[in-house]
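Here the structure is laid out as structure tokens; the discussion comes afterwards.
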Amino acid sequence: MISTVTSTTVTTIASTTMAAGLGLFATLALIFMLIAKELAGAQDVQLGKGGSVSYAGAFDNVLNAAIIPLLIVFGFIVVTKIIDIL
Amino acid sequence: MNQKAVRALNGQEQVSILKEKIDKIYPWLFALEMAVAELLVTVKPWYGIVLHMLILAVLLISSAVAYEKPRSKLYIAFILGPLIRILSLSLPLAHLPRIYWYAAVSFPLLAGAFVVARLNSYSLADMGLRWGNLRRNTFIHILTFLSGIPLGIAEYFILRPEPIFKTFNPVEFILPALIFLICTGFTEEVVFRGIMYRAAADFLSPISSIFLISFVFAALHITHLSLIDVVFVFAVAVYFTLIVKRTGSIIGVAIAHGITNISLYLIWPYFF
């Protein structure tokens with residue numbers, strides 16, 4: 001069953017069975033971004049601190065904009081699972 | 001300087017002008033991609049979310065490549081577009097009452113918005129979180145708040161949403177009203193008019209930035225499955241952006257946006 005719940009921009013179109021799969025997808029994206037952040041950070045340290053920010057350093061910084069909201073989503077998923085088990 | 005050198009210089013100038021023009025097309029391409037991803041979400045949510053993820057990845061890389069330039073700031077701000085949909089689709093909300101869904105999605109979104117603001121070095125005032133010149137703007141703010149009521153009625157007749165509660169109860173009304181005011185009105189205005197519009201205005205022409213951000217805002221309403229609503233929302237977004245441009249504050253439009261949603265979901269369904 002597809003349910004449509006709408007506000008102005010926060011719109012959710014998902015069946016209850018699909019939601020779990022999409023949550024998994026968001027978690028995988030988070031893991032991938034954390035790996036990318038670690039690699040970019042390591043590359044930036046290796047290049048050393050010059051006057052300007054390297055691409056790796058810049059990538060390391062901008063990744064935070066996606067990682068932090070996805071971390072909150074991950075926390076929400078974990079809490080929901082724990083409540084389900086209890 | 002000989003003629004060859006002058007011609008070479010002119011050629012270089014032309015190339016840089018062309019490059020600048022092409023750079024200003026990319027934000028529109030990203031906005032179009034977001035619209036396509038939204039269309040996909042309505043048909044196949046899985047494909048839609050994958051496309052949103054791809055757009056997010058390309059925006060992250062593009063903003064890193066152009067770091068500390070105005071277009072980088074716009075790309076970082078644009079990240080919030082795909083993030084809205086990724087967050088709303090991946091949160092396990094089925095166990096919660098419907099009214100809390102808005103709060104659950106807005107919390108990580110606001111966190112992302114403030115990270116973006118920090119990356120772009122925006123202060124609260126830069127994001128329009130101030131009253132501006134009160135002597136000049138008070139009347140505009142009051143009119144803007146009040147405009148939320150007719151906007152709510154108009155959108156109600158377009159969407160005809162189901163009431164959130166079975167019966168109208170003033171006590172039960174307070175918490176949902178606060179959720180709509182903060183989690184949809186305030187959050188969305190911070191994201192679209194506070195951050196995205198600010199970043200666009202620094203990079204594009206005033207008219208182009210107003211239309212671009214209004215287009216993105218309208219595109220993220222495609223999932224309402226109403227073309228009239230998308231057009232209506234685009235017009236409202238242009239109106240809100242013009243108010244923000246005039247007053248330098250998002251507070252008036254945030255309250256108007258909240259009132260629109262409160263009346264749309266909590267008042268009019270019980271009266272019509």
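Taking one quarter of the surface of the C-alpha convex hull of the range B:121-272 gives a mean projected area of 9.3 nm². Size estimate for the protein assembly as shown follows the Kirkwood approach: the inverse of mean 1/r over distinct Cα pairs works out to 21.4 Å.
In this structure, A:V45 and B:F139 have a Cβ-Cβ separation that, at R0 = 45 Å, corresponds to a calculated FRET efficiency of about 0.25.
In this structure, the residue pairs whose Cα-Cα separation is over 19 Å, taken from B:K24/B:K69; B:K21/B:K69; B:K69/B:K245; B:K19/B:K69, are B:K69/B:K245. Treating r as the C-beta distance of B:W131 and B:V231 and R0 as 30 Å, the FRET efficiency rounds to 0.45.
Take every pair of alpha-carbon atoms less than 8 Å apart whose residues are at least six positions apart; their mean separation over the length of chain B yields a relative contact order of 27 percent.
Work out the P(r) tail for the range B:127-176: percent of alpha carbon pairs separated by more than 13 Å, whole number. It works out to 73 percent of all Cα pairs. Go through the range A:22-81 and name the trypsin sites (Lys or Arg not before Pro) that are in a DSSP coil and have 11 or fewer other Cβ atoms within 10 Å of their Cβ. Those that pass, being in a loop and sparsely packed, are A:K49. Using every pair of distinct Cα positions in the range B:64-137, the Kirkwood expression returns a hydrodynamic radius of 14.4 angstrom. Taking a point 7 Å out from the Cα of A:L24 in the direction of its Cβ, the residues of the range B:50-74 whose backbone N falls within less than 19 Å of it are B:50-51, B:53.
Build a GNM of chain B with springs between Cα atoms under 10 Å apart, and of B:L87, B:L60, B:L96 the one that fluctuates most is B:L96. Debye-formula intensities of the range B:15-83, expressed as log10 I(q)/I(0) at q = 0.15 Å⁻¹, are -0.49 (one equal scatterer per alpha-carbon, no solvent).
What the Cβ-Cβ distance of B:H95 and B:V50 gives, at R0 = 25 Å and to the nearest 0.05, is a FRET efficiency of 0.45.
Within the shell defined by Cβ-Cβ distances under 14 Å, the residues around B:I210 carry a net charge of +3, with Lys and Arg each +1 and Asp and Glu each -1. A convex hull fitted around the alpha carbon atoms of the range B:198-272 yields 97 Å³ per residue.
Subtracting the Cα-Cα distance of B:F272 and B:S121 from 0.36 nm times their residue separation leaves 49.7 nm of extension gain. Translational diffusion coefficient of chain B (Stokes-Einstein, Kirkwood radius from Cα pairs, 25 °C, 0.890 mPa s): 124 µm²/s. Taking label positions 7 Å along the Cα-Cβ direction at both B:D202 and B:R246, the computed distance is 2.6 nm, reported to one decimal.
Any read-out appearing in this document is the output of simple, stated calculations on the displayed coordinates, not a laboratory observation. Note that this is a predicted model, so its numbers are computed, not measured. As a convention, Cβ positions derive from the backbone with ideal geometry for all residues, glycine included, and neighbour counts pool all protein chains shown.
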